[in-house]
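The values are calculated or read from the model by the stated rules, or taken from the named source; none is laboratory data. Please read all numbers here as calculations on a predicted model, not as lab measurements. We place every Cβ from the backbone using ideal geometry, glycine too, and count neighbours over all the protein chains shown.
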Amino acid sequence: MTAHDPETKSEMKKELDATLQTRKELGPEYESELVDGFLDKVDRKIDTTIDRHVRRHLAEQQMAAARGARPRPADTGPGSFGERFGFAAISLVLAIPLSAIGVVNAGLAGLLVTWAGIVGVNALNSAGVFPWPHHRKPDDER
């Protein structure tokens, strides 16, 4: 179910319209069951789409391996997109109370300093400057 799939959009819109029409006919006492049924259909559609994407990705990897191409490394190691995204998300969540503290204590200047720090920390993390994302050797191998 992608944003570019008009057939899926149309199908899901028809399902939603049918669910809403049924709700009008049956009344609010069946609303919970109707919503659950619609969400089950959405879940199945999402699962089908994800399965199709995973199968396609695996087939592409198998074809590349059969041609002798080196497989692309998975983006799961230190400094991967997931790690960088997580760091950025956490820093933005923490930015809310930090911004409030900065404003209360120093006004606009405190807010600007707070956000400069948040942007700076995220930029340095993105550049790979911080040592903690990288694997460290165990103590006996140092």
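Here are the numbers:
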| quantity | calculated |
| --- | --- |
| Unmet requirement for Ile50, which otherwise passes all of (1) within 21 Å of the chain's Cα centre (by Cα); (2) at pLDDT below 85; (3) over 30 Å from Leu124 (Cβ atoms); (4) in a helix (DSSP H, G or I) | (2) |
| Qualifying residues in the stretch 58-97 (those that are under 15 Å from the mean Cα position of the chain (by Cα) and part of a loop (DSSP other than H, G, I, E, B)) - the one modelled with the highest pLDDT | Ser80 |
| Criterion violated by Glu25 - all others in (1) at positive phi; (2) modelled with pLDDT of 85 or more satisfied | (1) |
